[in-house]
Ligand code: ADP
Ligand code: MG
């Protein structure tokens, strides 16, 4: 492989598209009429809120119908402070952000953990509640709202006109877009992208998913509050109407139309729907010869039609217009990461004492005990449904044991969370491949190194994480290379054949620099030659001092590789010992070979 190469020099098509867009943005206030400049302002304001939703809903998978309420808090806070109390708009901004942040923390702490439909429903509830608060508080001017909000001044420059507001709104929008892109392209961003479908996996590599969801939720709320502040000082007037539940649904439309997982989709969605709304507002009442908000109906129909055709929104269609050879930066040579201190060979590593786990009436693991010494490859075998994967889940904290003790390096871990166990040097692969399919192989593997980095959300937004990021990506690249997938570094993980996806899982676990590696059927789906090289790799790793607990169906693969075997059947231990002894055990032959299809 060609290491140490960084793509550069060539001007790629997306850069050109981005450049044209920027040229348009700069030229717009000079060439467009006042009407269209105002429309562009609305687009920018909506794009800010939609961007938050793209992160929250599209990327992290948390659906919110309530963003307009945060826009409202941002708008009303500054309106009250600058009119009633005659304070500076900048104080209004700070206060609005603080208030929104606190509100989002409070609401988020309660609702973000809710699963399924509870979250969207509760977002509707708080949206309605806040709308009535805005409409009924005397200090907020009730349904009449607050007049005479002053313009913003920046170093003596008054942002009074629509064209001046344009500058402020679009600078804020562009900075937010860049910040969001920075965030997604980082250690935190990888974890955020795993939240939607791969929460269990993320926890197994040390991500505190509940906390991260809250962070994204607050981040999206702050973007909405920023939009609200800009709105109040651009319009110079605030009333409850724009913060109605309708508005929340429209923002969600915009996120979906733009393509809910693409940062620039926020601009596409906000543009398309804002312009469409403006156009329909004139057209529809004329058509029906009555005034009314008919555009909402049209939006609904369009959204259903769009989702029917493409779940990805319009952004991929736009992206196809600008074809690119995707050549992403190859991690430059970087100093290796610090490695964990390893136990001496032969030290007790894992002790399972009477572990027990039931699913309702079904006993999956029944009072099972076994031990593992450091430097060993231990095979855990048994027919399908014997309880092997459940045992893995108990050791790694994905599932809680109903009874028994599990000790790792002498410490009880059976009550610890998966991410705390990961921190102690336990890494695993999943029998059902658990990758973020749309993300490149390199980034998937870099999730494994999550605990070896420390920079968080704020550092990544500000790009203060670059040195660490280079080291993490280089480590990930090294592990990908090690499992023999160096040529697929930048391919979407989901596009690989299943056998190779299993290798990506192994690389990701290795990126954690584990003391104990748990592999759940790693050779399934591999061809003969690939199995041989996997066996060679596992032996090498053992010789380097790694301990491996292995579940595998392929007997040839297991027998030649493991130091010892534990045989399970119906959740119980049937036999234990060296491969050749176990192989001759009559009970094993009876149960295992009988049960093997
Ligand atoms: P193995 O990995 O050895 O094939 P598993 O540990 O996956 O076996 O499953 C052991 C038994 O527990 C099976 O009968 C399986 O159906 C059951 N089981 C596993 N996970 C769950 C679950 N989350 N809910 C209910 N039953 C489960
Ligand atoms: Mg299994």
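Things to note:
- Extending 7 Å from the Cα toward the beta-carbon at both residue 21 and residue 124 defines two label points whose distance is 3.2 nm.
- Note on residue 246 and residue 142: the extension gain reaches 35.5 nm, defined as 0.36 nm multiplied by sequence separation minus the Cα-Cα distance.
- Residue order, fewest to most surrounding Cβ atoms within 10 angstrom, among 572, 469, 347: 347, 572, 469
- Using R0 = 60 Å, the C-beta based FRET efficiency linking residue 481 and residue 99 works out to 0.75.
- Fewest-first ordering of 356, 117 by other beta carbons within 10 Å of each residue's beta carbon gives 117, 356.
- Cα-based Rg and Dmax for the chain, where Dmax is the largest Cα-Cα distance (Å): 28.2, 90
- With distances taken between every two different alpha-carbon atoms, segment 31-321 has a Kirkwood hydrodynamic radius of 19.4 Å.
- Cα centroid separation - segment 210-261 against segment 522-578, whole Å: 52 Å
- Computing FRET efficiency as 1/(1 + (r/R0)^6) for residue 344 and residue 133, where r is the C-beta to C-beta distance and R0 is 60 Å, gives about 0.40.
- Ellipticity estimate at 222 nm from DSSP helix runs (n ≥ 4, -39,500 (n - 2.57)) divided over the chain, nearest 500: -16500 deg cm²/dmol
- Two-site FRET efficiency, residue 305 against residue 282, from Cβ-Cβ distance with R₀ of 22 Å, rounded to 0.05: 0.50
- Potential lengthening of the chain between residue 335 and residue 407 amounts to 22.5 nm, from the contour at 0.36 nm per residue minus the alpha-carbon distance.
Read the figures in this text as sums done on the coordinates, not as results from a lab. The structure displayed is predicted, hence computed values, not measured ones. We place every Cβ from the backbone using ideal geometry, glycine too, and count neighbours over all the protein chains shown.
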